[in-house]
1. Restrict the check to the range 228-237 and report whether at least one residue is farther than 30 Å from residue 147 by Cβ, outside any strand (DSSP E or B) and assigned by TED's automatic domain parsing to the domain that holds residue 314.
2. Specify the residue that is farthest from residue 92 (Cα to Cα); the eligible residues are those in the range 172-188 that are under 16 Å from the mean Cα position of the chain (by Cα) and assigned to a loop (DSSP other than H, G, I, E, B).
3. Evaluate the following for residue 160: is it modelled with pLDDT under 95, surrounded by 22 or more Cβ atoms within 10 Å (Cβ to Cβ) and within 17 Å of the chain's Cα centre (by Cα)?
4. Hey, can you tell me all the residues within the range 257-283 that are exposed (fewer than 15 other Cβ atoms within 10 Å of the Cβ) and within 27 Å of residue 161 (Cα to Cα)?
5. Which ones in the range 238-261 are touching a residue at least 12 places away in the same chain (Cβ under 8 Å), closer than 21 Å to residue 191 by Cβ and outside any strand (DSSP E or B)?
6. Looking at the range 159-171, is at least one residue part of a strand (DSSP E or B), within 23 Å of residue 284 (Cβ to Cβ) and free of Cβ contacts under 8 Å to residues at least 60 places away in the same chain?
7. Restricting attention to the range 281-306, which residues are in a loop (DSSP other than H, G, I, E, B) and touching a strand residue (DSSP E or B) at 6+ places or on another chain (Cβ under 8 Å)?
8. Please work out which one of (1) surrounded by fewer than 19 Cβ atoms within 10 Å (Cβ to Cβ); (2) more than 19 Å from residue 281 (Cβ to Cβ) is the condition residue 219 fails and give its number.
């Protein structure tokens, strides 16, 4: 889809819910249902369900019912399909003392199915800096850093939470890797970025003060990349990166903080090796890393601070 096209679809609901396309899965598991992230996230409420962007209300309701069915048999899924990887999002956020940050765990099984959930064991490496409850909500206690850890079936994943004394210049990022809400502290703008692997685009929306004021901005193609799934935003809100699992590369975009619009970074997409799975930018925005499905390999890049281009770092 051309980058200049403007989508007409948006989901104007009273719960301020913008649906996210399901992430491609490598298999089926559990109760005989495809565990392919049939979900949609309510950024105002921190919920996770499912649906396709722009489909009818009936489809969204059906997706929600499927999610409930999946949730009801989740323990059976976990017991029958071994957990191999847990990724915690958002990656490396920064909050002020007294603020909270909701985390999500993305639990990947041996067959490639992934479930987004908070039903894991949460812990913090530094309770003096940040606490976390059983639902994955962390609270800044004192200035410092803490590793936020999610554990299930003896498999753990983590990210680093930084707690500062004053309002950081970093953007606030909430949601899962396929749909991110980004709030810019300088202009009070809130944008939502949705990865659509079915159409190979990133859809951009502006959130208004009320649901009726939500606005579709544009769709941006990841071409020649294909299969955009996992996104990450630079901590200063300058760039957005997305793993394209089908084409096995990374598309990079600069973000206009005033309008939310995306522009491709020169040199994008960047090659990232076989079976890229998840992507994260470090807390200061200097480096980016990609993990790979079924492998302990981690591919690391240096982030150009002015242009956003990626340079592969040798292991």
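1. No: the range 228-237 contains no residue that is farther than 30 Å from residue 147 by Cβ, outside any strand (DSSP E or B) and assigned by TED's automatic domain parsing to the domain that holds residue 314.
2. Looking only at the range 172-188, we keep the residues that are under 16 Å from the mean Cα position of the chain (by Cα), and these are 172-183.
With assigned to a loop (DSSP other than H, G, I, E, B) added as a condition, the list becomes 177-178.
Working: 177: 13, 178: 17 Å.
Selected residue: 178.
3. On the way: modelled with pLDDT under 95: yes; surrounded by 22 or more Cβ atoms within 10 Å (Cβ to Cβ): no; within 17 Å of the chain's Cα centre (by Cα): yes.
Taking the combined requirement at face value, the residue does not satisfy it.
4. The answer is 258, and nothing else.
5. Matches in the range 238-261: 238, 257, 258, 259, 260, 261.
6. First pass over the range 159-171, keeping only residues part of a strand (DSSP E or B): 159-164.
The next check asks that each one be within 23 Å of residue 284 (Cβ to Cβ); those that pass are 159-164.
Pick out the ones that are also free of Cβ contacts under 8 Å to residues at least 60 places away in the same chain and you get none.
No, that holds for no residue.
7. Here is the first cut: in the range 281-306, the residues in a loop (DSSP other than H, G, I, E, B) are 282-286, 293-294, 304-306.
Matches in the range 281-306: 282, 283, 285, 286, 293, 294, 304.
8. Of everything listed in (1) surrounded by fewer than 19 Cβ atoms within 10 Å (Cβ to Cβ); (2) more than 19 Å from residue 281 (Cβ to Cβ), residue 219 misses just condition (1).
The values are calculated or read from the model by the stated rules, or taken from the named source; none is laboratory data. Source: prediction; values computed, not measured. Every residue, glycine as well, gets a Cβ built from its backbone with ideal geometry; the counts of neighbours run over all protein chains shown.
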